[in-house]
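Novice: Can you read through this structure? Questions will come right after.
The values are calculated or read from the model by the stated rules, or taken from the named source; none is laboratory data. Here the structure is a predicted model, which means the values were calculated and not measured. Virtual Cβ from ideal backbone geometry, glycine too; neighbours counted across all protein chains shown.
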Amino acid sequence: MPRTFIAFALSEINQDRLVRIKTDLDWTGADIKWVDAGNIHLTLRFLGNISDDLVPKIAEGLADIFAGTPGIPVTISRLGAFPSAGRPKVIWAGIDDPEAQIVAVYTRLQEFLIGLGLPAEDRPFAAHLTIGRVRRLDRRHVLKNTLSAFTFEPPLRQSLTRIVLYQSALTPAGPVYSVLGEVSLRDMSTPRE
């Protein structure tokens, strides 16, 4: 039974730019385990361990539902933490989605997965990119102030054009992701013929 999740893939350029934030936060003294550049993505739905027969159904369903859907232009503009900047466990980069297009994709995906017999998500959806996990924090206020003041100059922009069904294998070196299926959305930066 593969351990799986569905996510928007991020461009390699923006993955690399997000990894460089490490140098802006290292001086805070926080002990943070940074996410490898190639593993930064926007999770739409964590599925956990699913039966092997569901994998092709989900992959085909993603293609049926989202093929031809326009890509989603987004801006990555700020940093934050879960559960809060005052008690940070997860460091994230925030996604600006003023038209709520990511939420619309999430809602369609949720309906499809429920139709396959998977349970509904039990927490509200929050579009974000996990970039690090705090292991130890001695000067909490320094990290909190740094996160609050941080801005991307210039902001990171891209069009989200790939929805991917990933398998996640946990290893001592960290998770290793492999693609089980994907669908490409219509890139709105190039004219249609």
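Novice: Any idea how many residues of the range 108-139 are more than 20 Å from the chain's Cα centre (by Cα), in contact (Cβ under 8 Å) with a residue 24 or more places away in the chain and surrounded by 11 or more Cβ atoms within 10 Å (Cβ to Cβ)? Write out each step before concluding.
Specialist: Pass one, the range 108-139, residues more than 20 Å from the chain's Cα centre (by Cα): 114-119, 135-139.
When the remaining residues are screened for being in contact (Cβ under 8 Å) with a residue 24 or more places away in the chain, the result is 116, 118, 135-139.
Adding the requirement that they be surrounded by 11 or more Cβ atoms within 10 Å (Cβ to Cβ) leaves 116, 118, 137, 139.
Counting residues in the range 108-139 that are more than 20 Å from the chain's Cα centre (by Cα), in contact (Cβ under 8 Å) with a residue 24 or more places away in the chain and surrounded by 11 or more Cβ atoms within 10 Å (Cβ to Cβ) gives 4.
Novice: Within the range 58-83, how many residues turn out to be out of contact with any strand residue (DSSP E or B) (no Cβ under 7 Å at 6 or more places or on another chain) and surrounded by 14 or more Cβ atoms within 10 Å (Cβ to Cβ)? Explain how you work it out, then say what you get.
Specialist: Within the range 58-83, the subset out of contact with any strand residue (DSSP E or B) (no Cβ under 7 Å at 6 or more places or on another chain) is 60-61, 64-65.
This time we only want the ones that are surrounded by 14 or more Cβ atoms within 10 Å (Cβ to Cβ), so: 61, 65.
Adding up the residues that qualify gives 2.
Novice: Only one of Val142, Val179 is touching a residue at least 12 places away in the same chain (Cβ under 8 Å) and in a strand (DSSP E or B). Can you tell me which? Steps first, please.
Specialist: Details: Val142 fails: in a strand (DSSP E or B).
Within the list Val142, Val179, the selection yields Val179.
Novice: Output the residues belonging to the range 144-170 that are touching a helix residue (DSSP H, G or I) at 6+ places or on another chain (Cβ under 6 Å) and within 30 Å of Leu62 (Cα to Cα).
Specialist: Leu156, Gln158, Ile163, Leu165
Novice: Kindly indicate the residue of the range 148-174 that is hydroxyl-bearing (Ser, Thr, Tyr) and assigned to a strand (DSSP E or B) and also farthest from Ile72 (Cα to Cα) among those meeting that condition. Can you show your working first?
Specialist: Taking the range 148-174 as the starting set, the residues that turn out to be hydroxyl-bearing (Ser, Thr, Tyr) are 148, 151, 159, 161, 166, 168, 171.
Going one step further and asking which of them are assigned to a strand (DSSP E or B), we end up with 159, 166, 168, 171.
Details: Ser159: 5, Tyr166: 20, Ser168: 25, Thr171: 33 Å.
In this case the residue turns out to be Thr171.
Novice: Could you pull out every one of the strands (runs of 3 or more DSSP E) wholly within the range 1-77 that has 1 or more residues that are over 19 Å from Ile95 (Cβ atoms), touching a residue at least 24 places away in the same chain (Cβ under 8 Å) and over 18 Å from the mean Cα position of the chain (by Cα)? Even if it seems obvious, please write down each step before you answer.
Specialist: Details: elements: 3-9, 31-34, 41-49.
Hits in the range 1-77: 31-34, 41-49.
Novice: Right, next: Inside the range 157-187, can you point out the residues that are hydrophobic (A, V, I, L, M, F, W, C) and modelled with pLDDT of 95 or more?
Specialist: Filtering the range 157-187 down to residues hydrophobic (A, V, I, L, M, F, W, C) leaves 160, 163-165, 169-170, 173, 176, 179-180, 183, 185.
Selection gives Leu160, Ile163, Val164, Leu165, Val179, Leu180, Val183.
Novice: Consider the range 97-115. How many of its residues are touching a helix residue (DSSP H, G or I) at 6+ places or on another chain (Cβ under 9 Å), under 23 Å from Asn14 (Cα atoms) and in a helix (DSSP H, G or I)?
Specialist: 1
Novice: Can you find even one residue in the range 78-96 that is out of contact with any Phe, Trp or Tyr (no Cβ under 9 Å at 6 or more places or on another chain), farther than 18 Å from Leu165 by Cβ and outside any strand (DSSP E or B)?
Specialist: There is at least one residue in the range 78-96 that is out of contact with any Phe, Trp or Tyr (no Cβ under 9 Å at 6 or more places or on another chain), farther than 18 Å from Leu165 by Cβ and outside any strand (DSSP E or B).
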